[in-house]
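None of the figures in this text is laboratory data; all of them are computed from the coordinates on show. Just so you know, these numbers come straight off a predicted model, no measurement behind them. With ideal geometry, Cβ positions are generated from the backbone for all residues, glycine too; neighbour counts draw on all protein chains shown.
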Amino acid sequence: MFGSDFSMPSHWQPSSKAPNGLDVVVVDIDGVLADASKRQHYLENRPKDWQLFFAASAEDEVIEEVKRLLELLNESVTVVLLTGRPTSIADLTIEWLNRNAIRWNLLISRPTGDYTLATKFKEYETSRLLELGARIHLCIDDDPNNIEMYRKLGLPSLYVHSGYY
């Protein structure tokens, strides 16, 4: 997918089925592929307990409809998981993805120390993909702000209602 002179950032992690083409679908994880409803209580109080929220993600149930949608995509389509999860739990996330047999080619998570709004983070990373030549055919997210951002970038977007927003 990327040229030979491209050095993949440390917060971008390819699967064993590395990105294989310029045709891309961008998919969020929490609320889209993973049902995070059982850990929302960590975010109800101030300050929000993001550490426990993310640590509990290993026990999430899969949202089967989105998993199945990814399975239906042509093998030439690169599935990019773009998540607000921090890179510190990338191994836990990859373990969850593999344990649940979820199709993915590239995981992009937040770099260590990045506390920007999720929408700004995702806009930056999506723009980076576009600059690298990705043809993004669809973005799937549960945050209406992210859906609005994708649409402003001219990208077709599918809203999944998680109930978190």
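So what is the diffusion coefficient of region 1-77 in µm² per second by Stokes-Einstein at 37 °C and 0.692 mPa s, using a Kirkwood Rh over Cα pairs?
D, rounded to a whole number, is 217 µm²/s.
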(request) Using a cut-off of under 17 Å, list every residue of region 105-146 whose amide N is near the label point 7 Å from the Cα of SER16 along the Cα-to-beta-carbon line. (result) 105-107
(message) Please report the net charge: other residues with Cβ closer than 12 Å to the Cβ of ASP28, K and R +1, D and E -1.
(response) -3
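Per the Kirkwood definition applied to all pairs of different Cα atoms, how many angstroms is the hydrodynamic radius of region 12-159?
Evaluated over region 12-159, this radius sits at 15.5 Å.
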(message) With 10 angstrom as the radius, rank THR78, THR87 by how many other C-beta atoms surround their C-beta, starting from the fewest.
(response) THR87, THR78
(request) State, to one decimal in nm, how far the label point of LEU130 lies from the label point of GLU61, with both points 7 Å from Cα in the Cβ direction. (result) 3.7
(request) Determine the dipole magnitude for the chain: charges of +1 sit on the beta-carbon of Lys and Arg, -1 on that of Asp and Glu, nothing else is charged, the reference point is the Cα centre, and the result goes in debye to the nearest 20. (result) 220
(message) Under 8 Å for C-alpha pairs, at least 6 residues apart: give me the relative contact order for the chain, rounded to a whole percent.
(response) 31
(message) I want to make sure I understand the PRE zone here: with the label point 7 angstrom from the Cα of MET8 toward its beta carbon, which residues in region 122-136 have backbone N atoms less than 19 Å away?
(response) 125-136
(message) Could you tell me the extents of region 79-165's C-alpha atoms along the three principal axes, largest first, rounded to whole Å?
(response) 34, 28, 27
